[in-house]
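S.K.: Sharing a structure here in structure tokens format.
The values are calculated or read from the model by the stated rules, or taken from the named source; none is laboratory data. Since the structure is predicted, the reported quantities are computational estimates derived from the model, not experimental observations. Neighbour counts run over all protein chains shown; Cβ positions are idealised from the backbone, glycine included.
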Amino acid sequence: MKKNFLTAIKEALHEEMEHNGDMICIGEDIGLLGGAFGVTEGLQERYGTGRVIDAPISEAAIVGSAVGMSLNGKTVMAEMQFIDFISCGFDQIVNNLATYHYRTAGDVDMGVVIRGPAGGYGGGALYHSQMNEAWFANSPGIKIVCPSTPSDAKGLMKYALRDRNPVLFYEVKQLYRDNAIAEELPEGDYVIEFGQASIRREGSDLTFVTYGQNVYHCLKAADLLAEEGVKAEVIDIRTLVPLDEETILKSIAKTNRLVVVNEAPMTCGFAGEIVARIADKGFEYLDAPPLRVTRLDTPVPWAKTLELHVLPSVEKIVAAGKRVVRF
Amino acid sequence: MKKNFLTAIKEALHEEMEHNGDMICIGEDIGLLGGAFGVTEGLQERYGTGRVIDAPISEAAIVGSAVGMSLNGKTVMAEMQFIDFISCGFDQIVNNLATYHYRTAGDVDMGVVIRGPAGGYGGGALYHSQMNEAWFANSPGIKIVCPSTPSDAKGLMKYALRDRNPVLFYEVKQLYRDNAIAEELPEGDYVIEFGQASIRREGSDLTFVTYGQNVYHCLKAADLLAEEGVKAEVIDIRTLVPLDEETILKSIAKTNRLVVVNEAPMTCGFAGEIVARIADKGFEYLDAPPLRVTRLDTPVPWAKTLELHVLPSVEKIVAAGKRVVRF
Amino acid sequence: MRYNLGSFPNARNLGERNLTAKNGSATATRAKASDEPDQLPRDLLTREEYLELFRQLYLARYFDVRLIKEKKKGRLTGTLYSSHNQEAVLVGSLFGLRPNDWISPIHRDMPAFFMKDLRSGWDNPDRMGMTIEEVCAQVWCKAGSPGRARDNWSHIGKKAKHIIHSTSMLAGTIPVAAGVAYADKLDGGDTVVVTYNGEGSTAQGVFHEAINFAAVHKLAVVTIIENNQWAYGTPTHLGYPLEDYARRADGYGIPGFIADGQDVFDVYDKVMQAVAWGRSGKGPSIVECKTFRAYGHGDHDDDRAAKYRPPHEVEEGRARDPIAIAKKVLLEKGYISESESTLYQAEGKSAGQTTDEDFPPEVVAYLKRGVDYALKSPAPAAEEGERWVFRV
Amino acid sequence: MRYNLGSFPNARNLGERNLTAKNGSATATRAKASDEPDQLPRDLLTREEYLELFRQLYLARYFDVRLIKEKKKGRLTGTLYSSHNQEAVLVGSLFGLRPNDWISPIHRDMPAFFMKDLRSGWDNPDRMGMTIEEVCAQVWCKAGSPGRARDNWSHIGKKAKHIIHSTSMLAGTIPVAAGVAYADKLDGGDTVVVTYNGEGSTAQGVFHEAINFAAVHKLAVVTIIENNQWAYGTPTHLGYPLEDYARRADGYGIPGFIADGQDVFDVYDKVMQAVAWGRSGKGPSIVECKTFRAYGHGDHDDDRAAKYRPPHEVEEGRARDPIAIAKKVLLEKGYISESESTLYQAEGKSAGQTTDEDFPPEVVAYLKRGVDYALKSPAPAAEEGERWVFRV
Ligand SMILES: Cc1ncc(C[n+]2csc(CCOP(=O)(O)OP(=O)(O)O)c2C)c(N)n1
Ligand SMILES: Cc1ncc(C[n+]2csc(CCOP(=O)(O)OP(=O)(O)O)c2C)c(N)n1
Ligand SMILES: [Mg+2]
Ligand SMILES: [Mg+2]
């Protein structure tokens, strides 16, 4: 049976709660309600109020107490109701959770996964549309994941919950119930190790590197470019930290052209990071400037006209693709 | 009379407090004590406890109330005792202060300058050594400044306090009392507009782009390279947002080689941003991979051996310079 | 490993919660008796003012009812956080404010934006509140909104009208309110800043930082806690260990008033006491208004809420309709006659059950003006998306 | 514009502050009388235990004195936050804990790291505290530190010994403590977590979030507020509007105890009550210990502190030396003789005035072991700087 993105994550949580008696879930409205989007539905009924905590509206205490629970032997899934609200628990993440292993010279490890719905294109405006992964990519000690398919979501979530490192898990909420991407999930204990990009489409003329919902924009752009005879490769990096540089470099060695697409603001976003790494390590491969298609350096505005203007679109991606092949 | 970096900033604050009766200063220990480093010495004595507030240890309330004061007609200088603690006021900065003008379609503007001592090389360890500017560069709506000389510090601070936009002002605390860089300050009402890089040394073989205390490491590296006949240009960008791309591009057009140096963690840091922009807009000029010399992707550790290992050093900068000229 | 689940607070075991304020049971620190007025603030109101308060309840209800209907028809985008059944909190707290006092409404307080200073005349162009046109343009996501539809729903405001804009981050506006009050105090002013917050939001760190700061500096900030018993899907006892959220005040040595949030006159009394306390320079205070959320958290949550909330609690909570309670008072006072009291019967009805006949015609007409304006207002031009990042 | 500066709290106008806990004046919520023990916890201590408490005061003092001297000689790097004059808070609070209880000391609590569970034997290898060697290696910034000198001074801990590591961000460890307590409760344990905090740090948002969470879940977290009258250069009344910081507890309906922080026995009593409260499942509590910071905020601040603090206050604050106060009790109880009481006279002396003769020889020897180890320990190898970012 085909399952959607949300169900895939829900299954991962249920399986890990079952498999790991020391796992705790904490977040706002995740228990009685089952989460704003229903990702945690059924967990509290099954595992009780002790292991599935309806927290007060206190992001800093949610993260901070997750740190303490982990210190005392637990694995913790902490939900941000929207990933945007992570700003309210920011210090606990970057300065406490992320550094705990480092500053204790390995004495303490942190089995904490912070996950939440993310991303724009849904009319969510400034505070329900963010992709703020770059803040954390610039804060050493946190792994960052952003899958684009149900099976990736499940496999990566299960890996995250077993990795004794802090993991930030960006769930594209526009994909949660997108039937177009629903799929059969692999049988059994399906786990995907971090650091492995996925080539979503092969091509020889240019490489789109992307993640999250922009994967679909890139695939669409590749379709359109193909109509004009341009063969674009599409790489879904799946995990940002660690990043699978090898797969990207291999692709660039073949296509000699790079366009990175993501929906965070451009300045200091992860698209720029990929460009900078390839400009260094793949300089000789590049036959055209490595480009970025990202959100403009603006917040995400509400009205559809405005939102679409500032976010990457298939048109903008096609244009960037054309620019690099014609260079 | 030569004045040091700290005095320059102190003078800017005094002059603006004098000139602008609607200016308020708020921060921890800035009044009675005069600030942890003495930057605000004398302000409370002169302007009273109403305009110079010894705040409770509440970074979020400091920033949030500064937003309110600005909304109600004031200009506010808010001090973070160390810029590291900005993480505790993070949400108020990125989601409230930075976006206020945008979301009100220009109805409200924010005359708020957040400033504080920053940077490593001082044995300050994880929480007294940060350069966390990239978090804010990825958060649209905040200008970011990081001067390296006393006169730049004064001129830029005065501009910041008159710009009705949120400004984050990184003060390199290792430079505060560095006599080697003390200088005569320009007479009169000295103001430097944002967005103008300063060419600190001319050269034709490669370009170092940097800011803050790494300016001095780059100058030193340029000295050493000169001994081997390599002429390095050193550009101090002074303001990150807005960035003077023109000056950098002009330089690269001449030198065809770029090394960006800063002390933030590499991934998603501002060094990568500069590389990405030049790789796009200056692609044709580049004869070698654009390189970054940054902090490793680690926190800043305490012991000197460790700290120097992870931060950029003159040696690492020289090595990068050689790599690009020999490419 | 032994699991010991029984001793954790259980959302499913709500027990009996007291949805109404118990008279005289306010355990929170109160303004000293000597500071209490000889007569209740409402005693100074004229019959006309009583009637105006009453009329404003209808206006707030009608606005909400209309929005619910529009949303159901798919004509609005975004989430509607209904203020149904909580109107007395807004009307009672706004009514006694001076025109240039400041307010900061949040997601569940949409009517507050145009009801501020409504006393200065519904159509008075100099009124210190937003117009119904502006608010409707915002709800309809149009360029005619003061924020030009850049942020959604309740995230508007107007500097010139002393209405503070909020972000989504709950309680994040209280420090802003404190800063506004601080600047005003520094300038020798005596305006009061009223902030609105749900009870769940009081758990945020910035709530504490802001109230603490305001208490140290004796700033005229009145924090209204709209205790509607639920924070989304979380009942009150999982957000705070005490029943009365007003007791948050005790930790700062500031007054914590408790009002019956269904009784517009009681809200008026308690808020006016808090406002007087602030205006006289004595500092901040908290007013907890006990109320009840009629529907889901947002309109998307209506169906789920019907499952997670005990039906008897919802029934009991909705039963105390603020319009009915005010009507009874007016009748008792002889301010309206029996026959007048049956003219408009919005009370006790769900949004879908009401018709325009259940509301005074001037209320219906007022809103029509706003909706007409909104419908005519264009969508913002795409290019505006990149404007106003910085002031230039 | 009128400036109205007079009405702002003025740091320069300290007025008279009461540096000692007033008996019976605790306005904060207290554990119910019925929950109070019939006898004070100290009444259950033997003479030997009294003497051990006393000896530990010397140990804490000597550690601090030695560090001050080393720092003055330029032998240490980083900032020293002296615990001089505040030793009774540490010793009194740690003494009654069970070995596997957890603690989280902060910047001014260096001695706590090796004084935890000292009762199990200063040289007991199984003791649930850090060794003096480990702590000294940390102070000397050596690889022998448990954190291998990766973070500075008080930012250490040891998971196996139930000592939580703090970041610099004040109050940031309280939620961690709550999480530790939560996990323990879930596993059916009955350990207590004691967190240390300065009074200034209680203004942080995360303080509120953590205590609120702990109160909702009745977690066994005891938050000690070391009220030493100053938060760096800021006096208490600019951080909180009330004199007794224990009243922060009132906002959560949890007990707020007030102890005379200069009297090790009073600290012991109050903390033991709080600990019993927590261990029995009744939830978190706060214990404010009134004390006084002897020197500057850090050693870099000594000179400036002499200017911003009123000399009479400093004199008065230092006069109540915890060693002297404990000595008097021991004399009164007849646990030491007059002549024994004059053997070691560290009390009332500044660090520079003391010599090793002012301390019991076993205390001097104990520290010597630590220092010797530290001096021999190497600096960490440069390459370690890039290790342990992630667990591999
Ligand atoms: C910092 C933050 N965390 C989480 C949310 C998501 N959220 C929006 S409303 C809400 C519940 C608010 O409950 P309450 O404060 O009681 O107000 P009510 O909706 O009941 O009026 C939550 C959790 C948010 N907006 N901000
Ligand atoms: C979040 C945060 N803000 C600011 C600081 C800087 N700082 C370090 S100690 C201190 C004063 C602390 O005062 P208090 O809590 O009373 O503790 P004490 O030093 O008096 O023991 C300050 C402001 C910090 N460490 N963390
Ligand atoms: Mg609520
Ligand atoms: Mg203190």
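S.K.: Report the residue count in the stretch D:173-217 for those that are more than 16 Å from the chain's Cα centre (by Cα), within 13 Å of ligand 2 (Cβ to nearest atom) and not in a helix (DSSP H, G or I).
M.R.: So the answer is 1.
S.K.: Report, by residue number, each residue of the stretch C:278-297 that is within 16 Å of ligand 1 (Cβ to nearest atom) and under 19 Å from residue C:259 (Cβ atoms). Lay out the reasoning, then the answer.
M.R.: Going through the stretch C:278-297, the residues within 16 Å of ligand 1 (Cβ to nearest atom) turn out to be C:286-297.
Within the stretch C:278-297, C:286, C:287, C:288, C:289, C:290, C:291, C:292, C:293, C:294 meet the criteria.
S.K.: Taking the stretch A:232-265 on its own, how many of its residues are crowded, with 23+ Cβ neighbours inside 10 Å and at positive phi?
M.R.: The total comes to 1.
S.K.: Right, something else. Could you check the stretch B:248-265 and list, in sequence order, the residues that are within 13 Å of chain A (Cβ to nearest Cβ) and either within 20 Å of residue B:135 (Cα to Cα) or in a loop (DSSP other than H, G, I, E, B) (or both)?
M.R.: Result: B:256, B:257, B:260, B:262, B:263, B:264, B:265.
S.K.: For the stretch C:86-94, check the following and say yes or no: at least one residue is more than 14 Å from chain A (Cβ to nearest Cβ), surrounded by fewer than 21 Cβ atoms within 10 Å (Cβ to Cβ) and in contact with an Asp or Glu (Cβ under 7 Å, 6 or more places away or on another chain).
M.R.: Of the stretch C:86-94, the ones more than 14 Å from chain A (Cβ to nearest Cβ) are C:86-94.
Okay, now just the ones that are also surrounded by fewer than 21 Cβ atoms within 10 Å (Cβ to Cβ), so none.
No: the stretch C:86-94 contains no residue that is more than 14 Å from chain A (Cβ to nearest Cβ), surrounded by fewer than 21 Cβ atoms within 10 Å (Cβ to Cβ) and in contact with an Asp or Glu (Cβ under 7 Å, 6 or more places away or on another chain).
S.K.: Do you know which of the residues in the stretch B:57-88 that are facing chain C (nearest Cβ under 7 Å) and within 21 Å of residue B:130 (Cα to Cα) is surrounded by the most Cβ atoms within 10 Å (Cβ to Cβ)? Spell out the reasoning first.
M.R.: First, pick out the residues of the stretch B:57-88 that are facing chain C (nearest Cβ under 7 Å): B:58, B:60-61, B:64-69, B:71-74.
Applying the additional criterion that residues be within 21 Å of residue B:130 (Cα to Cα) yields B:58, B:60.
On the way: B:58: 29, B:60: 32.
So the residue we want is B:60.
S.K.: While we're looking at this one, here's another question. Only one of (1) within 14 Å of chain B (Cβ to nearest Cβ); (2) aromatic (Phe, Trp, Tyr); (3) assigned to a helix (DSSP H, G or I) fails for residue D:114. Which number is that?
M.R.: Among (1) within 14 Å of chain B (Cβ to nearest Cβ); (2) aromatic (Phe, Trp, Tyr); (3) assigned to a helix (DSSP H, G or I), the lone unmet condition for residue D:114 is (1).
S.K.: Shifting gears a bit: Conditions first: (1) touching a Pro at 6+ places or on another chain (Cβ under 9 Å); (2) surrounded by fewer than 24 Cβ atoms within 10 Å (Cβ to Cβ); (3) within 14 Å of chain D (Cβ to nearest Cβ). Residue A:2 passes all but one, so which condition is the exception?
M.R.: So residue A:2 meets the others, but not (3).
S.K.: Turning to a different aspect of this structure: Does residue D:292 satisfy the condition of being closer than 30 Å to residue D:327 by Cβ and at pLDDT 95 or above? Lay out the reasoning, then the answer.
M.R.: On the way: closer than 30 Å to residue D:327 by Cβ: yes; at pLDDT 95 or above: yes.
Yes, satisfied.
S.K.: While we're here: If a residue has to be part of a helix (DSSP H, G or I) and among the charged types (D, E, K, R) to count, how many in the stretch A:87-109 make the cut?
M.R.: Initial filter on the stretch A:87-109 (part of a helix (DSSP H, G or I)): A:87-97, A:100-103.
Going one step further and asking which of them are among the charged types (D, E, K, R), we end up with A:91, A:103.
Residues in the stretch A:87-109 being part of a helix (DSSP H, G or I) and among the charged types (D, E, K, R): 2 in total.
S.K.: Between A:29, A:91, A:107, which is away from ligand 4 (no atom under 16 Å from the Cβ) and more than 7 Å from chain D (Cβ to nearest Cβ)?
M.R.: A:29
S.K.: In addition: Scanning for something facing chain D (nearest Cβ under 9 Å), more than 23 Å from residue B:49 (Cα to Cα) and in contact with a helix residue (DSSP H, G or I) (Cβ under 8 Å, 6 or more places away or on another chain), does the stretch C:214-230 turn up at least one residue?
M.R.: No, the conditions are met nowhere in the stretch C:214-230.
S.K.: Of the residues that sit in the stretch D:285-314 and are more than 12 Å from ligand 2 (Cβ to nearest atom) and assigned to a strand (DSSP E or B), which one is nearest to the other protein chains (Cβ to nearest Cβ)?
M.R.: Residue satisfying both the conditions and the ranking: D:286.
S.K.: Return yes when residue B:118 is crowded, with 24+ Cβ neighbours inside 10 Å, facing chain C (nearest Cβ under 7 Å), touching an Asp or Glu at 6+ places or on another chain (Cβ under 7 Å) and modelled with pLDDT of 95 or more and no when it is not.
M.R.: Values: crowded, with 24+ Cβ neighbours inside 10 Å: yes; facing chain C (nearest Cβ under 7 Å): no; touching an Asp or Glu at 6+ places or on another chain (Cβ under 7 Å): yes; modelled with pLDDT of 95 or more: yes.
Answer is no for this residue.
S.K.: Might you let me know whether the stretch D:212-221 holds any residue that is touching a Leu at 6+ places or on another chain (Cβ under 8 Å), without any contact (Cβ under 8 Å) to a residue 60 or more places away in the chain and either within 16 Å of ligand 4 (Cβ to nearest atom) or closer than 18 Å to residue D:281 by Cα (or both)? Give the steps one after another, and end with the answer.
M.R.: Residues of the stretch D:212-221 that are touching a Leu at 6+ places or on another chain (Cβ under 8 Å), as a first pass: D:213, D:216.
Remaining after also requiring without any contact (Cβ under 8 Å) to a residue 60 or more places away in the chain: D:213, D:216.
Narrowing the set further to residues that are either within 16 Å of ligand 4 (Cβ to nearest atom) or closer than 18 Å to residue D:281 by Cα (or both) leaves D:213, D:216.
Looking for residues that are touching a Leu at 6+ places or on another chain (Cβ under 8 Å), without any contact (Cβ under 8 Å) to a residue 60 or more places away in the chain and either within 16 Å of ligand 4 (Cβ to nearest atom) or closer than 18 Å to residue D:281 by Cα (or both), one finds at least one in the stretch D:212-221, hence yes.
S.K.: Okay, next question. Out of all the residues in the stretch C:57-66, which are under 13 Å from the mean Cα position of the chain (by Cα) and over 15 Å from residue C:349 (Cβ atoms)? Steps first, answer last, please.
M.R.: Filtering the stretch C:57-66 for residues under 13 Å from the mean Cα position of the chain (by Cα) gives C:57, C:60-61, C:64.
None - no residue of the stretch C:57-66 is under 13 Å from the mean Cα position of the chain (by Cα) and over 15 Å from residue C:349 (Cβ atoms), so the list stays empty.
One line per residue, one yes/no per condition, for (1) outside any loop (DSSP other than H, G, I, E, B); (2) over 26 Å from residue D:77 (Cβ atoms); (3) within 12 Å of chain A (Cβ to nearest Cβ):
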{"position": "B:246", "(1), (2), (3)": "yes, yes, no"}
{"position": "B:267", "(1), (2), (3)": "no, yes, yes"}
{"position": "B:271", "(1), (2), (3)": "yes, yes, yes"}
{"position": "B:287", "(1), (2), (3)": "no, yes, yes"}
{"position": "B:305", "(1), (2), (3)": "yes, no, no"}
{"position": "B:315", "(1), (2), (3)": "yes, no, no"}
{"position": "B:322", "(1), (2), (3)": "yes, yes, no"}
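S.K.: Can you spot a residue in the stretch D:133-153 that is outside any helix (DSSP H, G or I), away from ligand 1 (no atom under 16 Å from the Cβ) and within 30 Å of residue D:215 (Cα to Cα)?
M.R.: Within the stretch D:133-153, the subset outside any helix (DSSP H, G or I) is D:140-153.
Then drop every residue that is not away from ligand 1 (no atom under 16 Å from the Cβ), which leaves D:140-153.
Checking the rest, the ones that are also within 30 Å of residue D:215 (Cα to Cα) come to none.
Within the stretch D:133-153 (the criterion being outside any helix (DSSP H, G or I), away from ligand 1 (no atom under 16 Å from the Cβ) and within 30 Å of residue D:215 (Cα to Cα)), the answer is no, since none of the residues qualifies.
S.K.: Next up: When the residues of the stretch B:110-129 are filtered to those that are under 17 Å from the mean Cα position of the chain (by Cα) and assigned to a loop (DSSP other than H, G, I, E, B), which remaining residue is farthest from ligand 1 (Cβ to nearest atom)? Break it down into steps so the answer makes sense when it comes.
M.R.: Residues of the stretch B:110-129 under 17 Å from the mean Cα position of the chain (by Cα): B:112-122, B:128-129.
Adding the requirement that they be assigned to a loop (DSSP other than H, G, I, E, B) leaves B:119-122, B:128-129.
Working: B:119: 31, B:120: 32, B:121: 36, B:122: 35, B:128: 28, B:129: 29 Å.
The residue in question is B:121.
S.K.: Something else: Of all residues in the stretch C:103-131, how many are within 22 Å of residue C:148 (Cβ to Cβ) and under 17 Å from the mean Cα position of the chain (by Cα)? Walk me through how you get there before you give the answer.
M.R.: Within the stretch C:103-131, the first condition is being within 22 Å of residue C:148 (Cβ to Cβ), and the residues that meet it are C:103-107, C:109-114, C:116, C:125, C:127-131.
Narrowing the set further to residues that are under 17 Å from the mean Cα position of the chain (by Cα) leaves C:103-107, C:109-114, C:116, C:129-130.
Number satisfying all stated conditions: 14.
S.K.: Give C:172, C:251 a once-over and let me know the one that is at pLDDT 95 or above, facing chain D (nearest Cβ under 9 Å) and in contact with an Asp or Glu (Cβ under 7 Å, 6 or more places away or on another chain).
M.R.: Numbers: C:172 fails: facing chain D (nearest Cβ under 9 Å).
Going through C:172, C:251 in turn, just one is at pLDDT 95 or above, facing chain D (nearest Cβ under 9 Å) and in contact with an Asp or Glu (Cβ under 7 Å, 6 or more places away or on another chain): C:251.
S.K.: Based on what the data block shows, is residue B:15 within 21 Å of the chain's Cα centre (by Cα), at pLDDT 95 or above and more than 9 Å from every other protein chain (Cβ to nearest Cβ)?
M.R.: Numbers: within 21 Å of the chain's Cα centre (by Cα): yes; at pLDDT 95 or above: yes; more than 9 Å from every other protein chain (Cβ to nearest Cβ): yes.
Judged against the criteria, residue B:15 is a match.
S.K.: Could you identify the single residue in D:189, D:144, D:157, D:239 that is more than 16 Å from ligand 3 (Cβ to nearest atom) and under 29 Å from residue B:92 (Cα atoms)?
M.R.: Details: D:189 fails: under 29 Å from residue B:92 (Cα atoms); D:144 fails: under 29 Å from residue B:92 (Cα atoms); D:157 fails: under 29 Å from residue B:92 (Cα atoms).
After ruling out the rest, the residue left standing is D:239.
S.K.: I need a count of the residues in the stretch D:112-169 that are hydroxyl-bearing (Ser, Thr, Tyr), farther than 23 Å from residue D:99 by Cα and surrounded by 22 or more Cβ atoms within 10 Å (Cβ to Cβ). Before you say what the answer is, go through the steps one by one.
M.R.: At the first step, the residues of the stretch D:112-169 found to be hydroxyl-bearing (Ser, Thr, Tyr) are D:120, D:131, D:145, D:154, D:166-168.
Right, trim to farther than 23 Å from residue D:99 by Cα and you get D:167-168.
Among the residues that remain, those that are also surrounded by 22 or more Cβ atoms within 10 Å (Cβ to Cβ) are: D:167.
So the count comes out to 1.
S.K.: Only one of C:346, C:365 is exposed (fewer than 13 other Cβ atoms within 10 Å of the Cβ) and either of a type in the set (A, V, I, L, M, F, W, C) or within 14 Å of chain A (Cβ to nearest Cβ) (or both). Can you tell me which? So that I can check it myself, show each step before the final result.
M.R.: Numbers: C:346 fails: exposed (fewer than 13 other Cβ atoms within 10 Å of the Cβ).
The unique qualifying residue is C:365.
S.K.: Would you check if there is a residue in the stretch D:263-273 being away from ligand 3 (no atom under 16 Å from the Cβ) and either among the small types (Gly, Ala, Ser) or within 10 Å of another protein chain (Cβ to nearest Cβ) (or both)?
M.R.: Checked against the condition, which is being away from ligand 3 (no atom under 16 Å from the Cβ) and either among the small types (Gly, Ala, Ser) or within 10 Å of another protein chain (Cβ to nearest Cβ) (or both), the stretch D:263-273 yields no hits at all.
S.K.: May I pose another question? Suppose we filter the stretch C:162-176 for residues that are touching a Gly at 6+ places or on another chain (Cβ under 9 Å) and within 16 Å of ligand 1 (Cβ to nearest atom); how many remain?
M.R.: Within the stretch C:162-176, residues that are touching a Gly at 6+ places or on another chain (Cβ under 9 Å) and within 16 Å of ligand 1 (Cβ to nearest atom) number 9.
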